[in-house]
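Chemist: Before I ask anything, let me first share the structure, which is written out below as structure tokens.
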Amino acid sequence: MKNIGILTSGGDSPGMNAAIRAVVRTGVYHDMDIFGIRRGYQGMIEGDIFKMQTTDVANIIQRGGTILKTARSKEFMTDEGRRKAYDQLTKHNIEGLVLIGGDGTFRGAVAFFEQFTIPAVGIPGTIDKDLAGTDFTIGFDTAVNTAVEAIDKIRDTAEAHDRLFVVEVMGRDAGYIALNSGIACGAEDILIPEQITDIEDVLNRIDNDERRKKTVHIIIVAEGDDYGGAKEVQARITERFPMLDVRTCVLGHIQRGGSPSYADRVLASRLGYAAVNALRAGNTQVMAGIVNDNIFFTPFDNVIKGEAPINPDMLELIRVLSI
Ligand code: F6P
């Protein structure tokens, strides 16, 4: 295999650039030609493809975002869109692909490879950490650190004013950012999509805190929680405790940007290197992940159908540590 295409797709995540760098440099090391595909599957459809040199990836290991840009392509969800994409790959003589992204990226991959045959290896790049077959995804560590820094600041002002804060973090379908940032910041409650929210229980815990005169109460809610986001939770709290001073803060997209942590840079470098070697070895239609600190390959199908369940001990931990 001589010509490899690489793309980033779906929501960007800090460390994607480090992964691109590792793929390009490993490929060039093995005398391969690497073709960057801009804006994910959409760029593949439109033929937005260019040959990459090692200098294209100089000075990017520390940068957030993705130099290849990213997109969520509706057209790629159609047979016709995927046909156009395949024609572009053939036109550019691309014989293998490295796909960096999350759940949507691997769903796209499964549909594409049901229709066409082209060797591909995936790399998990999403802040949500909601993929099976890997202990970590590129960008998760950085996103949690960003959330932790913000929540610590919120705690300072919350304490100064004796306020209750509801902080909304990202995670449309997954509560990993909420869970980990919440534990790291000593949150009083954490509401996540994986668990049905018992709002009465949340209110009772506030009531107990009030009686015990706990001055700060921070609730972390993942954006995809079944009860709603920070605003809905705030409204219910204010309804029950009109005397409480309640504020919300939605952290939003700041969690997706910024310089990747050392952990994300190392993870991205290892997975980028592993993905190219897997392509060369013919180990394809798999995602390269990390399990118990070893590189582990999972078929695309299992990545999207498998589960990345929340450890129930973590939920218990919050209840115990927030007394
Ligand atoms: O990349 C994952 C994610 O950040 C989710 O946590 C979030 O729900 C979604 O992307 C937001 O997407 P967008 O940037 O399109 O608003």
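The values are calculated or read from the model by the stated rules, or taken from the named source; none is laboratory data. It should be emphasised that the depicted structure is a prediction, and the values quoted were computed from it without experimental measurement. Cβ coordinates were reconstructed from backbone atoms using ideal geometry, including for glycine residues, and neighbour counts include every protein chain displayed. Protein only, heavy atoms only, side chains kept; ligands, DNA and RNA dropped before computing areas. Shrake-Rupley method; radii C 1.70, N 1.55, O 1.52, S 1.80 Å.
Chemist: Just add up the charged neighbours of Gly40: K/R +1, D/E -1, any other residue whose Cβ is under 9 Å from the Cβ of Gly40.
Modeler: That sum, taken over residues with Cβ under 9 Å, equals +4.
Chemist: Of Gly36, Gly306, Gly64, which has the largest mean-square fluctuation in a 10 Å C-alpha GNM of the chain?
Modeler: With Cα springs under 10 Å in the chain, the top fluctuation among Gly36, Gly306, Gly64 is at Gly306.
Chemist: Can I ask one more? Enumerate the lysines that Lys2 could reach by cross-link, defined here as Cα to Cα under 20 Å, with residues fewer than 8 away along the same chain left out.
Modeler: Counting by Cα, and skipping residues close in sequence, Lys2 has these lysines nearby: Lys51, Lys91.
Chemist: Stick to the Cα atoms of the chain, pair each with every other, and give me the Kirkwood hydrodynamic radius in Å at one decimal. Provide the component values of the computation, followed by the final result.
Modeler: Working: mean 1/r = 0.0485 Å⁻¹.
By the Kirkwood definition, the hydrodynamic radius is 20.6 Å.
Chemist: Identify all lysines with a Cα-Cα distance to Lys153 below 24 Å; exclude those on the same chain that are fewer than 8 residues away in sequence.
Modeler: The qualifying lysines are Lys213, Lys214, Lys231.
Chemist: Something else: Rounded to the nearest Å, what's the spacing between the alpha carbon centres of region 244-312 and region 166-239? Just the number, please.
Modeler: Region 244-312 and region 166-239 have Cα centres separated by 25 Å.
Chemist: At 1.4 Å probe size, with every protein chain present, just tell me what the per residue accessible area of the chain comes to in Å². Let's see the in-between values first.
Modeler: Numbers: 14160 Å² over 323 residues.
I get 44 Å² per residue for this part.
Chemist: Still on this model: To the nearest 0.05, what FRET efficiency results for Val110 and Val291 with a Förster distance of 25 Å applied to their C-beta separation?
Modeler: On the way: r = 21 Å, r/R0 = 0.84.
With a Förster radius of 25 Å, E is 0.75.
Chemist: 5 Å is the cut-off here: which amide hydrogens, built 1.01 Å from N in the peptide plane, fall below it relative to Gly125, excluding neighbours closer than 5 in sequence?
Modeler: Under 5 Å from the amide H of Gly125 lie the amide H atoms of Gly101, Gly102, Ile138, each far enough along the sequence or on another chain.
Chemist: Another question about this same structure. At most 12 other Cβ atoms within 10 Å and a DSSP loop assignment: could you name the trypsin sites (Lys or Arg not before Pro) in region 1-110 that fit?
Modeler: Numbers: sites: Lys2, Arg21, Arg25, Arg38, Arg39, Lys51, Arg63, Lys69, Arg72, Lys74, Arg82, Arg83, Lys84, Lys91, Arg107; in loops: Lys2, Arg38, Arg39, Arg63, Lys69, Arg72, Lys74.
For trypsin sites (Lys or Arg not before Pro) across region 1-110 that sit outside H, G, I, E and B with at most 12 neighbouring Cβ atoms in 10 Å, the list reads Lys2, Lys74.
Chemist: Moving on. Restricting attention to region 190-221, which trypsin sites (Lys or Arg not before Pro) occupy a DSSP loop and are surrounded by at most 13 other Cβ atoms within 10 Å?
Modeler: On the way: sites: Arg205, Arg211, Arg212, Lys213, Lys214; in loops: Lys213, Lys214.
Sparse-neighbourhood loop trypsin sites (Lys or Arg not before Pro): Lys213.
Chemist: On to the next question. How large is the charge dipole for region 141-288, taken about the Cα centre, if only the Cβ atoms of Lys, Arg (+1) and Asp, Glu (-1) carry charge, to the nearest 20 debye?
Modeler: Working: 17 positive and 24 negative charges, 118 e Å.
Dipole size: approximately 560 debye.
Chemist: Something else now. Could you please state how large a percent of the accessible area of the chain is carbon and sulfur, counting protein chains only and using a 1.4 Å probe?
Modeler: Working: 6960 of 14160 Å².
So the carbon and sulfur contribution to the accessible surface is 49 percent.
Chemist: Another question, then. Would you rank Ile45, Ile196 by solvent-accessible area, highest first, keeping every protein chain in place and using a 1.4 Å probe? Walk me through the intermediate numbers first.
Modeler: Details: Ile45 10, Ile196 145 Å².
From most exposed to least exposed: Ile196, Ile45.
Chemist: Could I ask something else about it? Starting at the first residue of region 243-256, write each ³J(HN,Hα) from the Karplus equation 6.51 cos²θ - 1.76 cosθ + 1.60 with θ = phi - 60°, in whole Hz, x for Gly and Pro.
Modeler: Whole-Hz 3J(HN,Hα) from phi for region 243-256: 7, 7, 8, 10, 10, 10, 9, 9, 6, x, 6, 4, 5, 8.
Chemist: Cross-link candidates for Lys84: which lysines have Cα within less than 19 Å, leaving aside residues fewer than 8 places away along the same chain?
Modeler: The qualifying lysines are Lys74.
Chemist: When the dipole is taken about the Cα centre of the chain, and only Lys, Arg (+1) and Asp, Glu (-1) are charged at their Cβ, what size is it in debye, to the nearest 20? Please report the intermediate quantities before stating the final value.
Modeler: Values: 35 positive and 45 negative charges, 240 e Å.
Here the size comes out at about 1160 debye.
Chemist: Ignoring everything except DSSP H segments at least 4 long, calculate the 222 nm mean residue ellipticity for the chain; use -39,500 (n - 2.57) per segment, divide by total residues, nearest 500. Could you put the intermediate results ahead of the total?
Modeler: Numbers: 11 runs with 139 residues, N = 323.
Calculated from helices alone, the mean residue ellipticity at 222 nm is -13500 deg cm²/dmol.
Chemist: Something else now. Test of understanding: what is the full-extension gain from Lys84 to Glu239, defined as 0.36 nm times their sequence separation minus their Cα-Cα distance? Don't skip to the end; give the middle numbers.
Modeler: Numbers: separation 155, 0.36 × 155 = 55.80 nm, distance 5.41 nm.
Going from the current span to full extension adds 50.4 nm.
Chemist: Multiplying the sequence separation of Glu307 and Ala263 by 0.36 nm and subtracting their Cα-Cα distance, what value in nm do you get?
Modeler: Details: separation 44, 0.36 × 44 = 15.84 nm, distance 2.33 nm.
Stretched out fully, the Glu307 to Ala263 stretch lengthens by 13.5 nm.
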